[in-house]
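The structure appears right after this line, and notes come after that.
Laboratory data are not the source of any read-out in this text; all were calculated from the coordinates shown. Note that the coordinates shown come from a computational prediction; the quantities given were computed from them, not determined experimentally. We place every Cβ from the backbone using ideal geometry, glycine too, and count neighbours over all the protein chains shown.
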């Protein structure tokens, strides 16, 4: 059966880089570069003319920045976008404006990094081509945090796993939590450096205390620990409470950090004193770990298909019976909060 090629528009103000990307990704038999553009105004015309399936977009551009372009473009032409950016927190603004994912530009002096960028871009273009974009306009609910969850079980742990589309989904959940929620541990597939930027960003916008985790950090009320890029994270016992351990290791299900590594540890250490939440993402990381948690008596929640950017991880988890309750992203905070109040 002949697969339809993914039609891609490459937008970058650097001619050299634009050509390198177009040439590189075209080598993949599943991808066809239908057009390139050097600025957002040209890009908009090419979108109308060629109707590409996916656009790659440089964030730092003259005339109009990539993020401003996304904010104007997405409401009119919701097209899956993979952002190409220098290492900067701009990528989170881009994801917030509707981009599906990001790759980072290599250091110019280091030629072989271009190959790894191209390979990563090819993978992310393919994921983006399956992404749903209606979600980001209509699925946001109010930002109001819930009232404090007095009298809750101090030994409860909330574990969250996500991949593609997860940065916004996690924010959508955390921003509604009061500052006294039980300890939260998170794996979001993301490269090093970015996990720290992302933690800082959440810390500045949520009532909870959010930080990039390091070994020995306590999982306590009001705190959110995010696994650092390139490190797995496990829950461990420490006296009557919990700490995390972050360690280097082989990729699990193609990822480090891996959601399964975290969820499996939560299943064995916290048992029924846990809530597991699996959000949008490509692949199946976390599904088996969530099932393990459910078998041990934890409450489990999966994001529904309608609100997921990529309904991969939550679908596999749901299909194997790991998900006790499925809900749209806008309802997950409320659902979690109500479980927290009943589990004592």
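Only Cα pairs under 8 Å and 6+ residues apart enter the sum, and on that basis the relative contact order of segment 154-215 stands at 38 percent. Taking 35, 131, 99 in turn, the Gaussian network model of the chain (Cα-Cα springs below 10 Å) assigns the largest fluctuation to 35.
Highest-first packing order for the peptide set 26-33, 211-218 is 211-218, 26-33, based on the mean count of other beta carbon atoms within 10 Å. Residue-normalised convex hull volume from the C-alpha trace of the chain: 130 Å³ per residue. An ellipsoid equivalent to segment 185-241, defined through the eigenvalues of its Cα gyration tensor, has semi-axes of 19, 15, 7 Å when rounded to whole angstrom and sorted largest first.
Relative to the longest principal axis of the Cα atoms of the chain, the long axis of helix 259-270 lies at roughly 0 degrees. When the inverse distances between all different Cα atoms of segment 1-76 are averaged and flipped, the Kirkwood radius reads 12.7 angstrom. When both segment 1-52 and segment 169-240 are represented by their alpha-carbon centers, they are found 37 Å apart. Each 10 Å bin from zero up to the one holding the largest Cα-Cα distance in segment 6-131 carries the following percent of pairs: 14, 52, 31, 3. Taking 1.567 mPa s as the viscosity and 4 °C as the temperature, the Stokes-Einstein diffusion coefficient of segment 157-342 based on its alpha-carbon Kirkwood radius rounds to 83 µm²/s. Compute a Gaussian network model of the chain, connecting alpha carbons closer than 10 Å, and tell me which residue from 239, 281, 289 fluctuates the most. Looking only at 239, 281, 289, the largest GNM fluctuation is found for 239.
Of all the Cα-Cα pairs you can form in segment 37-90, what percent are over 15 Å apart? Result: 41 percent of Cα pairs exceed 15 Å. The relative contact order of the chain, computed from alpha carbon pairs under 8 Å that lie at least 6 residues apart in sequence, is 13 percent. Taking a ≥ b ≥ c as the square roots of the eigenvalues of the Cα gyration tensor, segment 275-334 is oblate, since a/c reaches 1.5 or more and a/b is not larger than b/c. Considering only alpha-carbon pairs that sit under 8 angstrom and 6 or more positions apart, the relative contact order computed for segment 157-342 is 21 percent.
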